[in-house]
1. Using the Cα gyration tensor of the range 116-185, with a ≥ b ≥ c the square roots of its eigenvalues, what is the shape: rounded (a/c below 1.5), prolate (a/b larger than b/c) or oblate (neither)?
2. Along the charge dipole of the range 47-111, pointing to its positive end and built from +1/-1 on Cβ of Lys, Arg, Asp and Glu, which listed residue (LEU86, THR102, TRP48) has its Cα farthest out?
3. Roughly how many percent of the accessible protein surface of the range 58-116 is carbon and sulfur, given a 1.4 Å probe and a whole-percent answer?
4. Long-range amide H contacts for LEU164: which residues qualify at under 5 Å (H placed 1.01 Å from N, peptide plane, sequence gap of 5 or more or a different chain)?
5. Please compute the net charge surrounding TYR103, taking Lys and Arg as +1 and Asp and Glu as -1 over other residues with Cβ under 12 Å from its Cβ.
6. Between beta-carbons, use under 11 Å as the cut-off and find the net charge around LEU164, counting Lys and Arg +1, Asp and Glu -1.
7. Going by the alpha-carbon gyration tensor, a ≥ b ≥ c the square roots of its eigenvalues, is the range 47-108 rounded (a/c under 1.5) or, if a/c is not under 1.5, prolate (a/b greater than b/c) versus oblate?
8. By per-residue mean of other Cβ atoms within 10 Å, what is the highest-first order of 135-142, 164-171, 42-49?
Amino acid sequence: MTEEHRINHPERRDAWFQPNKDARGSDYGDATKEEMKELSELIDFADWAYEEDFMVLRDNLATKGYKLLRQDLITEPGRVGHYIALDKKNRVALLGLKGTSTYNDMLTDLLGKSVEHELEGPFDDEHDNKIINCHEGIYTAAMVLADDTEEIIEDLLLPRGYKLLICGHSLGAGASCLLGLLLRS
């Protein structure tokens with residue numbers, strides 16, 4: 001936050017930084033122990049996407065009940081490293097996306113032009129607009145990953161009743177959010 005913003009807009013600062021309040025002052029309430037445990041687990045999954053050693057990643061995931069199926073470390077502009085793991089007991093497929101950590105990832109970040117994409121259907125019942133605007137690099141990474149994983153997800157995992165959990169950090173977080181939106185539509 002810049003000094004000028006802090007001095008000229010204290011009401012915005014105060015609204016953003018009040019405990020358990022959002023920017024509009026609405027109450028969030030306190031997080032439960034279970035919610036904090038789930039958040040901690042999601043942070044682990046995102047962090048593990050940076051792991052380059054297959055065996056270490058496999059062992060980390062096993063501590064949470066997941067079996068590592070695939071790890072893709074290839075990063076090039078417009079493509080993010082990721083892994084796919086399964087929790088057979090709970091029927092959850094985990095897709096962990098790595099964030100910015102290489103020169104090629106930085107090039108993806110620098111593709112900052114806004115691009116328009118038309119979804120096949122609206123995101124949910126409340127929003128009927130099918131046009132979204134996206135960061136070009138994140139959009140490209142999400143589209144490449146969608147092309148790379150769509151058959152596995154649609155032909156193998158979903159027919160067997162698996163839920164899909166997508167998480168990531170940094171560039172991987174943006175790509176995971178957009179990938180979820182693209183797959184859902």
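1. Judged from the Cα gyration tensor, the range 116-185 comes out oblate (a/c at least 1.5, b/c at or above a/b).
2. LEU86
3. Working: 1630 of 3100 Å².
On the range 58-116, the fraction of accessible area on carbon and sulfur atoms equals 53 percent.
4. ALA93
5. Surrounding charge for TYR103 is -3.
6. Numbers: positive: ARG91, LYS163, ARG184; negative: GLU154.
Taking every Cβ under 11 Å from that of LEU164, the sum is +2.
7. Note, shape of the range 47-108 comes out prolate.
8. 135-142, 164-171, 42-49
The values are calculated or read from the model by the stated rules, or taken from the named source; none is laboratory data. Since this is a predicted model, take the numbers as computed values, not measurements. Don't worry about glycine lacking a Cβ; one is built from the backbone with ideal geometry, like all the others, and counts go over all protein chains shown. Ligands, DNA and RNA are stripped out before the accessible areas are found, and what is left, the full protein with its side chains, is counted by its heavy atoms. Shrake-Rupley method; radii C 1.70, N 1.55, O 1.52, S 1.80 Å.
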